[in-house]
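Following: one structure in structure tokens, then a few remarks.
The values are calculated or read from the model by the stated rules, or taken from the named source; none is laboratory data. This one's a predicted model, so the numbers in the text were calculated from it and none came from an experiment. Here the Cβ positions follow ideal geometry from the backbone for every residue, glycine too, while neighbour counts run over all protein chains shown. When the accessible area is computed, the model is the full protein with side chains, heavy atoms only, and any ligands, DNA or RNA have been set aside. Shrake-Rupley method; radii C 1.70, N 1.55, O 1.52, S 1.80 Å.
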Amino acid sequence: MNPFEKYSAEMTNNMLDLTVLEGSYLPEIFPHREREIDLMAKTLSSVFHNSRPSNLLIYGKTGTGKTSTTTYVTKMLKEKDPEGIEIFHVNCQVYDSPYSILVEISNALTQIDEDKIPGLGWPMDRIYSELLKRMNRSRRFMVVVLDEIDKIIKKNGPDALYVILKLSDDSTVTRTSFIGITNDTGFLESLDARVRSRLNQESIMFPPYNASELRDILTLRISNIAMSKPIDDSALNLCAAIGAQEHGDARKALELMRIAIEVSIRDGTKKVTDKEVYRARDKFEMDVMREAIATLPPQSKMVLLSAVVTQEMDSSMMFTGEIFENYKSICRELGFAQLSSRRVSDILTELEDFGLLTTSKKSQGRYGRTRFIRVAGNYFDVKRYLVEDKDLEKFRGTFLGKQARIDTTGPSDSLPYEKIDEKIRDIWDATTLE
Ligand SMILES: Nc1ncnc2c1ncn2[C@@H]1O[C@H](COP(=O)(O)OP(=O)(O)O)[C@@H](O)[C@H]1O
Ligand SMILES: [Mg+2]
């Protein structure tokens, strides 16, 4: 028998089902979002009385169901009147300028390749009038969902939304409404008054889920999986509890459940227990951290590396000054330009915002109170992820002062990765499973 037979059969059977727990899966029932769905439907239902729905702003923390419920509600609206209604869902993390958004909508309104507007080169007013022309020969109502709408402002300044929202004034044949979605509650304040009043004609707040609400969401999702493996109630509760702790995040709770099931399949355990959930949490957090590190700009990576090295050398010396000194050595060794201490201090603050560092104020005798810094999580992992970068992989700590060469021949190099993972897992099991 092919030695893979057993694993591939078991894996695919279970994996296929697990798509139900993934973010891209759109459920049909949203427990604890009945109020929000009803409010959205009420606003949008103006189309059935032949009037333009108010623009709508939806806000709340990540994982509170904003994107998925909006997708669901707009899909249902379209189902009610497929001929009369057009829906566009724009992810503003991808399409983050007024230009790209207007082009995207224009191009979606035509099936003919020759009519497609190029991604560059047309002046804005030409795109705008072309878009209006196309809109006015299609449907009666159009709903444009601008998901992560704050990204447009962050990239292009406070005026950027104005030209987009103006569509609802200027489109007379096809009447257009906007649904803006954001995680950033401070976003409205950053808008200028005329944009704010245009966007915020109605608003719906999505509150965080508590643990028992998350448990209901998980239970319903899991009931759709034909699982051969039982899931302990306590494991389910634990996923819900961790999600609730994390600003009521359904995405995190679902992800944990999915990874825990995967872990249990991989390890061949009979059922999914707390232990698999804890493993899933560790894996999840490491994945998040690795991703966060990978997307840092080069200078931030070097400052973070310096913090790691400083902590490794002498963890009582985690002050801005020490980190700056080591940062300079690292730049010298890797051949990068050095930023000023002021800039490095700003970067340390940014790294703290990303959750990669934590700081506390510490009394330092005659220096008064200074910032005492810690690398968040296991600095051993942070270092491992940092030196995955091709610019940083050559780092050997050659110019660092004191006794303190960085130990790159330590466990991170001499052990193969699986072994490291094993070791780390043991440490975690000991610390998290008591
Ligand atoms: N009430 C709910 N019922 C079922 N699934 C939900 C519910 N709320 C959120 N989810 C699920 O949680 C995940 C994150 O939701 P999402 O709508 O992307 O959140 P947001 O856009 O607020 O960050 C998705 O997989 C979604 O299907
Ligand atoms: Mg979203």
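A few points about this structure:
- In units of the rule-of-thumb radius 2.2 N^0.38 Å, the chain shows an alpha carbon radius of gyration of 1.17.
- Rounded to the nearest 20 debye, the dipole magnitude of the chain is 960 debye, with +1 charges on Lys and Arg beta carbons, -1 on Asp and Glu beta carbons, and the Cα centre as origin.
- Per residue, the convex hull volume that the Cα atoms of the stretch 189-236 enclose (Å³): 135
- As an equivalent ellipsoid, the stretch 300-358 spans semi-axes of 16, 14, 10 angstrom, where each value is the square root of five times an eigenvalue of the C-alpha gyration tensor, largest first.
- Total formal charge among the other residues, if their Cβ is under 15 angstrom from that of Ile153, Lys/Arg +1 and Asp/Glu -1: -2
- The packing ranking, built from the mean of other Cβ atoms within 10 Å per residue, places the peptides 296-307, 69-80 in the order 296-307, 69-80, highest first.
- Rh (Kirkwood; distinct C-alpha pairs) - the stretch 240-283, Å: 10.3
- Protein heavy-atom surface of the stretch 1-142, 1.4 angstrom probe: 55% of the accessible area is carbon and sulfur, with nucleic acids and ligands not counted.
- Relative contact order of the chain: 14 percent, from C-alpha pairs under 8 Å at least 6 residues apart in sequence.
- In a DSSP loop and with at most 12 other Cβ atoms within 10 Å, the trypsin sites (Lys or Arg not before Pro) in the stretch 128-190 are Arg137.
- Look at the alpha carbon pairs under 8 Å that are at least 6 residues apart: their mean separation over the length of the stretch 209-292 gives a relative contact order of 32 percent.
- Using the empirical formula 2.2 N^0.38 Å as the baseline, the Cα radius of gyration of the stretch 228-362 reaches a ratio of 1.38.
- Taking all pairs of distinct alpha-carbon atoms in the stretch 209-292, Kirkwood radius in angstrom: 12.6
- Rg/Rh ratio calculated on Cα atoms of the stretch 34-205 (Kirkwood radius): 0.94
- Per residue value of the accessible surface for the chain (all protein chains in place, 1.4 Å probe), Å²: 50
- Within the stretch 209-292: Cβ-based charge dipole about Cα centre, in debye rounded to nearest 20 (Lys, Arg +1; Asp, Glu -1): 280
- Value at 222 nm in deg cm²/dmol, rounded to 500, when DSSP H runs of n ≥ 4 in the chain each add -39,500 (n - 2.57): -16000 deg cm²/dmol
- Counted charge near Pro53, where neighbours are those whose Cβ lies closer than 15 Å (Asp, Glu -1; Lys, Arg +1): +3
- If you take all other residues with their beta carbon under 15 Å from the beta carbon of Val90, and give Lys and Arg +1 and Asp and Glu -1, the sum is -3.
- The share of alpha-carbon pairs in the stretch 139-264 lying farther apart than 24 Å comes to 50%.
- Distant alpha-carbon pairs in the stretch 98-180 (separation over 18 angstrom), percent: 40
- The order of the peptides 183-195, 92-104, 237-249 by mean Cβ neighbours within 10 Å, most packed first, is 237-249, 92-104, 183-195.
- Cα-centred dipole magnitude for the stretch 25-81, charges only on beta-carbon of K, R (+1) and D, E (-1), debye, nearest 20: 180
- Taking every DSSP bridge with both residues inside the chain, close to 25 percent are antiparallel.
- Rolling a 1.4 angstrom probe over the stretch 271-374 with all protein chains present gives an accessible area of which 50% lies on carbon and sulfur atoms.
- Of the solvent-accessible surface of the stretch 149-260, computed with a 1.4 Å probe over protein heavy atoms with every protein chain present, carbon and sulfur atoms account for 48 percent.
- Extension gain, Phe354 back to Ser129 (0.36 nm per residue minus Cα-Cα distance, nm): 76.9 nm
- Mean separation of Cα contacts under 8 Å, 6 or more apart, over the residue count of the stretch 234-347: relative contact order %: 17
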